[in-house]
Every structure is written in structure tokens, then in C-alpha cells.
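Okay, structure first, notes after.
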Amino acid sequence: MIVKYDMEKAYDRIRWDSVTTVLSLMRFPIKWVNWIMACISSPTYAFIINGKASDWIQPAGGLRQGDPLSPYLFILIAQVLTSLLNEAQSCGSFTGIPVGDNSYLSHLMYADDILITGAISRRNCRGIEAILHKYECLSGQRVNKDKSALYLPDWLSARMKNMVTRWLNLPKGTMPFKYLGSQISGKRVKVEQSNFLVERVRSKLTSWKKNALSLAGRAILIRATLTAIPNYWMTASWIPDSVVDKITQIIRKFLWEKHGGKKGMHLIAWDNITKPLTEGGLNFRNLRKSREAFMARNALKLLNNINLPWVRIMKGKYGELDPWKNPKLTTTSWAWRALNYTVQAIKLGLQISISDGLNTNFLEHPWLFTTPFSKKPTFIATNIGEKVQHINQIIENGEWCYNSIEGLVGEDLVDAITNLQLGEGPDKWVWSLHPQGKARAGSVYSFLNGHTDNCWDGWKQLWGLAVAPRVKTFLWKYFWERLPTKDFLQQRGLTQSNLCALCGEAAENIQHLFFQCRYSKEGQPNSWLHRPYMRRPSLCSRR
């Protein structure tokens, strides 16, 4: 069962003597405690009643909203509840949910939002009630039962559900529910339960005056707002493909639609639009790849066995996560499958930073390159697996052992290995494309989205022009050869004649319209096209 508690006026009900007691028990210096108490007990308040100020009032408790000290003091007070729950588990009056390796998940807390999890039993319910009553007496806080709720599994009988509800005196809630903005569910969140993201995108569009926006204006709003809406949820959960694709569809329609909301022609492929500006795109986010980029940080935490509750749960239930193994995922949870899918997508950017070498396999782990030796032909001994298993076997006294390495690999690899700087502590997985090894969403997204070194220099020149944004987007379409000329429209069956509307002598394509038509040659407005840095080879070669 999951019990969600909300504290009534959490900051306002904190007792000052509880603050003093907690700070003293945590061995803060007495002088420092007195300073803190002077800060929180010195303010006075006055109320405006019917336009007239009342007399000044000296408060007897509570923490001020907006005071920089208040969040830290509140967290210290909330630590009392954690201590009470841990003590109850030790004496057996309350039991959390087992998560493997003899560990239990009893609660999650963020400010005044509290989740308590435990087995369904009368003893547990009585234990929770006793713990909360004691916490209320010690801290001055009080549970707001109108905003609190009890969540029980679907398989539980109706009779048992009613009994648990009476024991805790709380209303029954339905899953999924929101906690810190994320969907909490015992099962995979269904598509219809994620459609609120689609509605958020739609609600943004209805508030904008779409008819007054040029293509350049729409591109700015898409980059700044629409593609950023799902970001928070992507950091915590795996948004279904259909929801991601629906949001992408709405964005594409908004970019190309005509005035009045009529369907417009999608002139340039979406894969090209999501490229960086310097590669000919508009720097829009590919939401599927963005989803993987945000999930990469969670995957790296799991690989490094960071001491977090969800990491302990995952490792206790499913074991180790390995990017270079293909585990069977048919009976696993959607969260584990999402993490496996992510590490498979980004594994060529992951590498192990060697420190003690105890847990790193010489052949099976990517520690020298981003690919393991077992997956890549190199100059290594054929029987290397018999000579060395783990990296610690070729390290002595915190340094590489040259003599041990020399008989295992070729001379070039010996130099590459001995030039690696050994760190401190255990080995850890790092993101090789970041200087500090951190899986930043931007760095991972750039890796997933691909990068072309041989880009046309004119794209950079184009976006650096000191002209209006709508002129830049016109030139962008020009260089992609996607201007709606008559020849272009005829190829798509939208017009019968492709003759130039000005001279009527030849097919109206980009080359004719800007360079060959006698009316274009007589005019001067297109003279900037003849500058060297504005000539894209695909266009100029056919002039």
C-alpha cells in the first residue's frame, strides 16, 4: 500500500522548541543555534483589516515563507519523521516494502509531500498512525486528511480495501496519481494517462495568434516552448511513443500550416529540420532522441550503483545493467526496459574510468575505448582471457604495471593504457563526450542526433546575416531548394503548368527564377546571391 500525506500549513505550524531540540541533537554549536533562533523568532506581523493596520503581533511559532533559512530548517524537522519510521522498522512495529538485499522502502519525502509505503496489515496501519501522532506532537505539524489519500493494489478485495481505509481513516485514491508532477502507478502508465502532455501543447497553440506569425516566428516559439514542454516528465518517466509522435505531429502542423489554420505543405523533411543550424536544420528537438537523452542520466546512476532508493530497488530486482549484453526483457517492468533501451542507444558514448580496476573486466568492459576488446579486433594476445580477468591484475601500488601489460597487447596499446590516468575510489562509468564524464542531456542528444563535420559553410554564414529572421528562413528554404515554384508544385500534382509566371518561356524552378529569367537578370535585388559564401554547390552546379 501507498499512503500519501499532506501536511496542513507545514511551515506555519513548526514549533520553535522542536527546531532548537533538533539542532542540538545534531550537535550544532550552541552559539550558532542561538543565532538561528534569533532569526526565526524576531519578526513581528501586522494585518490590514478594512484598510486599517492592526497592532504589531509577536508570533509564537512557525517558519516564514520566503526566508532562505526556512527550507533547510523544515528539512531538518522532517528528518525526525524519517528517524521515527526507521526506529519503528527496527522494533518491528512497522514494515516497509522489501526491495531486495534485506533492504526496505518505507517512505519518500519532498518538503511537505510524504509517501509512506508498507505491507497491508493492521499492525502496519497502527504503526503508521502512532508514528504520525508522535511526529505531530514533536514538530507541531498536522496531517491534512482532506488532501491525503490511500492507494491500494487492484487485486485486493473490496472488503479488505474498506478495512484498511477504516484503519487509517483516509479516503481511497486511484492510480495513477501525481507525486511531484510525475505519474505514480503500479503498472505502466497508459497512453491515455499521458495525453495531458498533448493537451498542454495544444493549449499553448490556442493562446498564440497563429495567423500573425511568420515561419521564423513559429520556429522561435517551437524551440523555446513547444519542444520544452515534455522535458520535465522525460527526466522521470518514459513517455509512450504514440504520445511523443502526437506532439511531434502537432508541432509539424503548426510550423507549416497556412493562415486560417489550413493545412500547409511540409516543404522539408523533419529529420533535416531537427538538425543543428550549422547543418542546415532549424535546431528543433527530435523528441524521441530527447527522451533517450534525458533518461541517460538515470541510466548512468544505475550503472554506477549510486545510493538512491530507486537504484537499490532496480538492482535488487533485476541485477546489473550492462550496455554490452542483451538481457531478456519480456517479463521485466517498463522502467527497466526503458533503461536498457537507453543504454543500448548510447553505449558507444559510455566508458569506464579506471581507479582500482576491481570490477572492470579486461575483455568485456569498455575501459580503454568506448567498445570492449571482445567486440573489437585489436592487437591482443589470443589467450589473454586466461592471463588476466580484471584490470586490477595489471595495476600495482596505484600505478600501471608495464611488465604485466607488455605481454598482453601490442606496443601501441601498451602506450595507450599506461597513459591513462588512474583515479581514486572504485571504477565508474562516465560519458566519454563530456569533459567531466557527466551525461548532460545536451551532450547525449548531440551524440544521438548525429553530427556531420563536412557541412556547407554557408549555413553558418546564413544564420549570421544581419537581416530579419523571416528573410533568413526564406533563404533557408532557398538553399534546400524547397521554394514553392511552379515546377516544384507541378511535381506534386498541385498545378498543371510549370511555365514561369514572369516570362512564360521556361519552367519556373529556382535556377530559372533567380538566375536565368530575363526579368531576374535585369533586377538588382538578387545580387547578394552571387557572393561566394552564398553559393551552395547543389544549386550553383546547375546554373
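Here, each number is a calculation from the coordinates, and none is a lab measurement. Model, not experiment: these values are computed from the prediction. Counting neighbours? That spans all protein chains shown, and the Cβs are built from the backbone with ideal geometry, glycine included.
Observations, loosely collected:
- Ranked packing of 271-284, 413-426, 12-25, 66-79, most packed first, by mean Cβ within 10 Å: 271-284, 12-25, 66-79, 413-426
- Cross-link partners of LYS9 among lysines (Cα-Cα below 17 Å; sequence separation of 8 or more within a chain): LYS145, LYS147
- The chymotrypsin sites (Phe, Trp or Tyr not before Pro) found in the range 151-205 that occupy coil by DSSP, while having at most 13 further C-beta atoms within 10 Å, are TRP155.
- Pairs spanning more than 32 Å between alpha-carbon atoms, out of LYS204/LYS347; LYS289/LYS317; LYS376/LYS428; LYS428/LYS460: LYS204/LYS347; LYS428/LYS460.
- Distance (nanometres) between label positions extended 7 Å along Cα→Cβ at MET175 and LEU329: 2.1 nm
- FRET efficiency, 1/(1 + (r/R0)^6) with R0 30 Å, evaluated for ASN86 and ARG122 via beta carbons: 0.90
- Semi-axis lengths, Å, the chain, gyration tensor of Cα atoms, sqrt of 5 times eigenvalues: 54, 38, 25
- Distances between placed amide hydrogens fall under 5 Å for LYS428 paired with SER353, SER355, all partners being 5 or more residues away or on another chain.
- Hydrodynamic radius by Kirkwood, which averages 1/r over all alpha carbon pairs of the range 314-440, in angstrom: 15.8 Å
- Radius of gyration over Kirkwood radius for the range 2-174, both on Cα atoms: the Rg/Rh ratio is 1.06.
- As a rough guide to protection, the peptides 38-48, 218-228 ranked by mean Cβ packing within 10 Å, highest first, stand as 218-228, 38-48.
- Positive-end ranking of LEU303, GLN65, ALA219 along the dipole of the chain, with charges on Cβ about the Cα centre, is headed by ALA219.
- Degrees separating the helix 195-207 axis from the principal Cα axis of the chain, which is the longest one: 60 degrees
- Dipole magnitude (debye, nearest 20) for the chain, charges at Cβ of Lys, Arg, Asp, Glu: 2760 debye
- Rounded FRET efficiency, nearest 0.05, which uses the C-beta distance separating ASP241 from ARG159 and R0 of 41 Å: 0.55
- Other residues with beta-carbon under 13 Å from the beta-carbon of GLN193 carry, at +1 per Lys or Arg and -1 per Asp or Glu, a net charge of +2.
- When you filter the trypsin sites (Lys or Arg not before Pro) in the range 300-346 for DSSP loop state and at most 10 other Cβ atoms inside 10 Å of their Cβ, you are left with LYS328.
- Secondary-structure-derived ellipticity at 222 nm for the chain, considering helices only, amounts to -12000 deg cm²/dmol, per-run term -39500 (n - 2.57) for DSSP H runs with n ≥ 4.
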